[in-house]
1. Residue 232: modelled with pLDDT of 95 or more and in contact with an Asp or Glu (Cβ under 7 Å, 6 or more places away or on another chain), yes or no?
2. Could you list, in sequence order, the residues of the stretch 364-399 that are hydroxyl-bearing (Ser, Thr, Tyr) and at pLDDT 95 or above?
3. Would a scan of the stretch 174-194 turn up a residue that is over 18 Å from residue 365 (Cβ atoms), more than 16 Å from ligand 1 (Cβ to nearest atom), of a type in the set (D, E, K, R) and touching a Gly at 6+ places or on another chain (Cβ under 8 Å)?
4. Of all residues in the stretch 86-105 being of a type in the set (S, T, N, Q) and under 36 Å from the mean Cα position of the chain (by Cα), which is surrounded by the fewest Cβ atoms within 10 Å (Cβ to Cβ)?
5. Please tell me if residue 39 is on the phi < 0 side of the Ramachandran plot, surrounded by fewer than 18 Cβ atoms within 10 Å (Cβ to Cβ), touching a residue at least 24 places away in the same chain (Cβ under 8 Å) and touching a helix residue (DSSP H, G or I) at 6+ places or on another chain (Cβ under 8 Å).
6. Cβ-Cβ distance below 6 Å, separation of 6 or more or different chains: which pairs start in the stretch 292-303 with a residue that is under 9 Å from residue 268 (Cβ atoms) and at pLDDT 85 or above and end on one that is in a strand (DSSP E or B) and not hydrophobic (A, V, I, L, M, F, W, C)?
7. For residue 101, which of the numbered conditions (1) in the same structural domain as residue 388 (by TED's automatic domain parsing); (2) without any contact (Cβ under 8 Å) to a residue 12 or more places away in the chain fails to hold?
8. Taking the options 331, 365, name whichever one is on the phi > 0 side of the Ramachandran plot, away from ligand 2 (no atom under 16 Å from the Cβ) and part of a loop (DSSP other than H, G, I, E, B).
Amino acid sequence: MIFSRKSPLIVGMDIGTSAIKIAVGERRADGGLTMLGSHQVESRGVRKGEVADHGEASRCILQAVQEAEDVLNMEIGEVELALTGAHIESGNHRGTVPIRSETHEITDEDVREAVENAAACVLRGDGMKVLHVIRQQFYVDGKDGIANPAGLLGSKLEADVHCIHGIGTRFLNTLNCLHAKQETSMEVSNGIFSGLASALAVLNKHDKELGAIAMDIGAGTTEYVVYVKGMIRQTGVIAVGGDHLVNDLQLGLKLRSRKKTEALIREHGSVLMDGSVSDKILTVKTSDLLTDRERTLHLENIHLILHHRMDEILRIIHERIRAQGLLEMMGGGVFLTGGCARIKGLVGLAAAIFQMPATVAVPQGFDGQMERLAEPEMSTAVGLVKYGHIKGHGAYGSRRGFGSYVRKMLGIGE
Ligand SMILES: Nc1ncnc2c1ncn2[C@@H]1O[C@H](COP(=O)(O)OP(=O)(O)OP(=O)(O)O)[C@@H](O)[C@H]1O
Ligand SMILES: [Mg+2]
């Protein structure tokens, strides 16, 4: 059966630095979400989570879409698109509105206005575009902790929001690559911060209430989202990931091939520095080296190089969260996801640096096809589908998508 564009399909597209992943879910008649499957292809033309070569990236996306359509026996018309990059910034903002009506009853319009006033703090004229305005909590005449103030009585309404924004043209560079599939004019329903999608995939309500850090360590970027008392309090991206591990090791050991270095990390990589491999040695063939003599490599040195880079990534994020005073409010722990979460010893290293429990987290909380979806690399793609589901996508057919929205904001196209 071929699904039509008006089907309740929700498609997540994650254009990652190392792989393009597509996850597909379906809104059930009872409103729930069933995951149907996934597909991934190696990506080219993407660096540090952003498109660096339009032609290469477009061809890969086209290949990923066509293969996914064949493998999953469906037609992709609209996608939820992951967006990331070091240009993305975020912050917490407060907006206020006086409640002037005679009854003092707070309306939906007042709530919207308070949120808009809060978000207005980031609407600067420097090409920065807001990706998400996430409601944290409301205050009515100073009383905090209110999730939905509509219908309450008061004189002053305040809204706390978390805004995630970035450079509009950089978002557009990713968006424009989807136009290679002109024959179906694929539309983008929502542009979603990758880290937010990953957090949606791996954390449950309980984790968020306890206080949790979801960290997606990919090939080119590491995104993190911090929840305190169920609210998103901090998000961020650093342009460092597994590619740096490969660079460090390739340079440090004078290895000829990137692919073989990556394979070596997968097979022998670890960030554990507990002396357990102090006598272990690997022999590397001359043909794999930039030098002309066969060499023996001490496994401990390999682990040391990987340890230093991972330690650096974790400490940068730890310091950013510490500086916001959020670490003490964290009862849940660190949830590591993305391909690099697979590196041996990472959980222990994260637990030692953050001084809290750490775990490798995979997408959870959905029905249906689990095979190849419950993997750390798939967190962003599955989270995109969950986001589309929450936002009501799949409940109706085509509509104005995010693509046209961004273009209008930037004065490009319609
Ligand atoms: N078993 C493993 N051990 C160590 N590293 C691994 C392992 N498996 C995958 N990786 C690394 O994970 C990275 C790929 O992860 P992922 O697919 O999450 O990245 P991506 O989404 O393509 O990149 P980004 O999110 O940064 O744009 C690569 O750097 C790869 O080398
Ligand atoms: Mg990724």
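The values are calculated or read from the model by the stated rules, or taken from the named source; none is laboratory data. Just so we're clear, the structure is a prediction, and the values are computed from it rather than from any experiment. All Cβ positions, even for glycine, are placed from backbone atoms using ideal geometry, and neighbour counts span all protein chains on display.
1. On the way: modelled with pLDDT of 95 or more: yes; in contact with an Asp or Glu (Cβ under 7 Å, 6 or more places away or on another chain): no.
For residue 232, the condition - modelled with pLDDT of 95 or more and in contact with an Asp or Glu (Cβ under 7 Å, 6 or more places away or on another chain) - is not met.
2. To start, the set of residues in the stretch 364-399 that are hydroxyl-bearing (Ser, Thr, Tyr) comprises 379-380, 387, 396, 398.
Correct list: 379, 380, 387.
3. yes
4. 96
5. For residue 39, the condition - on the phi < 0 side of the Ramachandran plot, surrounded by fewer than 18 Cβ atoms within 10 Å (Cβ to Cβ), touching a residue at least 24 places away in the same chain (Cβ under 8 Å) and touching a helix residue (DSSP H, G or I) at 6+ places or on another chain (Cβ under 8 Å) - is not met.
6. Qualifying pairs under 6 Å: 303/270.
7. Looking at each condition in turn, residue 101 falls short on (1).
8. When all the criteria are applied, what remains is 365.
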